[in-house]
1. Out of P71, P102, P82, P91, report the one residue that is loosely packed, with under 14 Cβ neighbours inside 10 Å and closer than 22 Å to D142 by Cβ.
2. Considering G141, G134, which residue is loosely packed, with under 14 Cβ neighbours inside 10 Å and among the small types (G, A, S)?
3. Residue check: is A151 in contact with a helix residue (DSSP H, G or I) (Cβ under 8 Å, 6 or more places away or on another chain) and either surrounded by 14 or more Cβ atoms within 10 Å (Cβ to Cβ) or under 30 Å from N185 (Cα atoms) (or both)?
4. Do the conditions hold for P82, that is, is it part of a loop (DSSP other than H, G, I, E, B) and under 28 Å from the mean Cα position of the chain (by Cα)?
5. Given the criteria out of contact with any Ser or Thr (no Cβ under 7 Å at 6 or more places or on another chain), within 30 Å of Q195 (Cα to Cα) and basic (K, R), does R53 qualify?
6. Among the residues of segment 135-154, write down those that are of a type in the set (D, E), modelled with pLDDT under 90 and closer than 17 Å to E80 by Cβ.
7. So for segment 155-168 (the condition being at pLDDT below 90 and closer than 22 Å to L335 by Cβ), does at least one residue qualify?
8. Search segment 191-206 for residues that are over 15 Å from E48 (Cα atoms) and pair each with any residue that is among the polar types (S, T, N, Q) when their beta-carbon atoms are under 9 Å apart and the residues are at least 6 apart or on different chains.
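The values are calculated or read from the model by the stated rules, or taken from the named source; none is laboratory data. Since we're looking at a predicted model, the values are computed, not measured. Here the Cβ is made from the backbone with ideal geometry for all residues, glycine too, and neighbour counts use every protein chain on show.
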Amino acid sequence: MARRPVQRRVVQNTSRREYVFSQQALIHDVVAHYQEKLRRELATLQAEGLLNRTVDQIVDDFVARYTLGVPTLDKNAMAELPRQEIQMEVPRVSQNRVFSGPGPFFVPATLFTLRIPFSGDRNLLRYPASGFAGHIPAELGDDAVFLTYRAEKPDAEVIKREFDNQISRIETSLEFVRGPAQEWNNRLVFLIRPQVEKRYAQTQESHSIDLGYAKAPAPSPATAPPKCEAQRYEVFLSHAWEDKEAIARPLYEALTAAGVSVWFDEAVLKMGDSLRRKIDDGLARCNFGIIVISLSFLNKEWPQRELDGLVALEVQSGKTKILPIWHEVDKETLLRRSPTLADKVAGKSTEGIPALVQKILAVVR
């Protein structure tokens, strides 16, 4: 009977990962959502957007915004990330050994990670074509898919065969997604053009009527009635409370001094406020999200929820929204905990607050 090895400190991955085709909704649900959204937008076309453009220009704009671009894996650009030495959990009884005691049991192992860039709509890597595709253990990043393999005694042929199999399954699933997406793309012009032509003709006719009266000048911005809008913030500052004194509050104060509006918990929250409602409201009214990534951040629930909200905004807009700052954490740790975060260009707290502020200003301004 094998002796139980000396236990080592093992960092468990508590961060929330997103895997390809892991959503319960299907590509057909995505198409239905786009169709309803298109219907509502066409039904509320405003005259201002119709008078100074041709029908073809308006139709082309709609088609460009609603076309679904099925992702394509760029296998020519895929690359293996640095290998990591990890502790891998194993069962108490296996073919080669038996551990005594209650467990858990770990053995030294190597983590292999393959990064495969893709082009196209990231959203379409989230929704499968059917509910029977099966789980594919591939993590979805901003512009790449990550495949991982853990092995106590690595075998190159086995690892490569496993990676090739996962790549083939992803590409097969994308082909099934491609059919409904292409069918939707082919229908777009026929859905859009009749509605645009009808609204365009109505607008042109109503604005061509001459009643013979003098025309009043359009109100200038200075005389236009003010609109009551909820306050917007340029950045949302997400952090674990353990990092507040060391970096979060100094960064908030420096950004505020530089004229940046920042959603910061202790500056916004009041006694009796609903924490979740306030955070959701703050996320919805911010252009960018700064996340201070540390071990404390990765191990806590609320920062992870804030990150999930920022990721959702980034996916919806198709633009960069997340500005990460590494605080007392290295790339190797992030590669183990969350390759999607490790793949983003980040600032580091060791650069100092003034340098970080300049980097942030370069993006938000």
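1. Numbers: P71 fails: loosely packed, with under 14 Cβ neighbours inside 10 Å; P102 fails: closer than 22 Å to D142 by Cβ; P91 fails: closer than 22 Å to D142 by Cβ.
Criteria check complete, one pass: P82.
2. On the way: G141 fails: loosely packed, with under 14 Cβ neighbours inside 10 Å.
It is G134.
3. Working: in contact with a helix residue (DSSP H, G or I) (Cβ under 8 Å, 6 or more places away or on another chain): yes; either surrounded by 14 or more Cβ atoms within 10 Å (Cβ to Cβ) or under 30 Å from N185 (Cα atoms) (or both): yes.
When the stated conditions are applied, A151 passes them.
4. Numbers: part of a loop (DSSP other than H, G, I, E, B): yes; under 28 Å from the mean Cα position of the chain (by Cα): yes.
Judged against the criteria, P82 is a match.
5. Values: out of contact with any Ser or Thr (no Cβ under 7 Å at 6 or more places or on another chain): yes; within 30 Å of Q195 (Cα to Cα): yes; basic (K, R): yes.
Yes; evaluated as a whole, the condition is true for this residue.
6. none
7. Applying the first criterion (at pLDDT below 90) to segment 155-168 yields none.
The answer is no, given that none of the residues of segment 155-168 is at pLDDT below 90 and closer than 22 Å to L335 by Cβ.
8. Once the first residue is over 15 Å from E48 (Cα atoms) and sits in segment 191-206, its partners that are among the polar types (S, T, N, Q) give L191/Q35.
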